[in-house]
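Below is one structure; the comments refer to it alone.
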Amino acid sequence: MVSWSVLLADLEEVYTALEEGRHDVWPAEGTSYPEWAQALAAHARTPEAEEQAEWWTEVVRTPAALPPDHPVADPRAVNTAATAATHREEFPAELTARLQTAARAHRAHAGDLVLHALGEVLAERLGEPAVRVDVLRHGREESVGNTHLARTTGWFTTTVPVRLDLAAATPAERLATTVGHLAALPGGGVGHGALTRHGRPRIAAALRAAPPSDVSYDFEGDDADTLPLGTLLPDVAPEPVGDITAPHWTRPHAVEVIATTEDGTLRVEWWYSTALHEEATVRTGPCASSGGTPPPCTRRRPYARSPPATGMPSSPS
């Protein structure tokens, strides 16, 4: 959404100036995308980034495999856009209010608590004391070199492996561990991708040896699909955009969980492959234990929403 904000604001500013006969308008620029890519590669070889290698190596050792309902020789080969399906849930407003209250009490983000609940479900299903989930983050970390990305357009979304340690005895202790781990993510998590792709061979090889998690998580927050429209472009065209991924496109994760809190209501989508999992498997996930909090299954209801691009965030960062 950051890219759309920049593009629409610049378009309106330039168009208005030209309409008034002015040719002296030059919208401010941020760090260019190629410059940022070069800075990221250089950052991977700095002592600061390499100090993170032990952290990330420990994280990627955490279990992250979700057994399929339909065993196949090559799960990646069948996990395509053509086999993708979605299960959607809308939770009661009172639950969303409780979520926001609990987040403030723990000095955390509401999305962190939803991630923790997902971890509780996965840990119970897998019988593991800790699980790993790939979390999508905005990736606009200005700690990388001398970069300024507030006005840079492009897709910066990064995938960060997160360890959810659920071995503690009480729900409160387990939640505190999750919140602490997320707060301690070095450099906002951008270092994992930098080291994996651009780090020294020994470090990069250790991180690449671990497969991605079978489950990803993306919390898009409030008004996730709301464009920052102005007076020049006051509304969105009603025509459907259609599919933006080819049917044979390989999805990066077996199950993708996307959560929003639009209009004060928590909504969650579970994207999965029918070639790997049954709908019942995904549908019962939300009803599993969520760290001592009674699951709201008896009061949730399916909802309709235009789906995002299969296997991808619904808007650029």
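The values are calculated or read from the model by the stated rules, or taken from the named source; none is laboratory data. Bear in mind that the values here come from a model prediction, so they are computed numbers and not experimental data. FYI the Cβ positions are ideal-geometry reconstructions off the backbone, even for glycines, and counts take in every protein chain you see. Side chains are part of the model used for accessible areas, which takes the heavy atoms of the whole protein and leaves out ligands, DNA and RNA. Shrake-Rupley method; radii C 1.70, N 1.55, O 1.52, S 1.80 Å.
List of remarks:
- Note: relative contact order over the stretch 15-164, using C-alpha pairs below 8 Å and six or more positions apart, is 36 percent.
- Net length available on complete extension from Ala102 to Ile244 is 47.4 nm, with 0.36 nm assigned per residue and the Cα-Cα distance removed.
- Each 5 Å bin from zero holds the following percent of Cα-Cα pairs in the stretch 26-104: 3, 8, 8, 8, 8, 11, 17, 21, 13, 2, 1, 0.
- Entry for the stretch 7-148 at q = 0.12 Å⁻¹: log10 I(q)/I(0) = -0.95, Debye formula applied to identical alpha-carbon scatterers, no solvent contribution.
- Förster radius 41 Å - calculated FRET efficiency between Ala184 and Glu94 (Cβ-Cβ, nearest 0.05): 0.80
- In percent, rounded to a whole number, the relative contact order of the chain is 32, using alpha-carbon pairs under 8 Å and six or more apart.
- Kirkwood radius for the stretch 181-273, taken over all pairs of different Cα atoms as the inverse mean of 1/r, rounds to 17.2 Å.
- Here the accessible area of the chain is 56 percent carbon and sulfur, with a 1.4 angstrom probe and all protein chains present.
- Heavy-atom accessible area per residue - the stretch 1-138, 1.4 Å, Å²: 56 Å²
- Theoretical ellipticity at 222 nm over the chain - DSSP helices of four or more residues, -39500 (n - 2.57) apiece, nearest 500: -10500 deg cm²/dmol
- On the basis of the beta-carbon distance and an R0 of 41 Å, His70 and Ala28 show a calculated FRET efficiency of 0.20.
- Each Lys or Arg adds one and each Asp or Glu takes one away; over the other residues whose Cβ falls under 13 Å from the Cβ of Arg132, this sums to -3.
- Among Gly230, Gly242, Gly154: highest mean-square fluctuation, GNM of the chain, C-alpha pairs under 10 Å: Gly242
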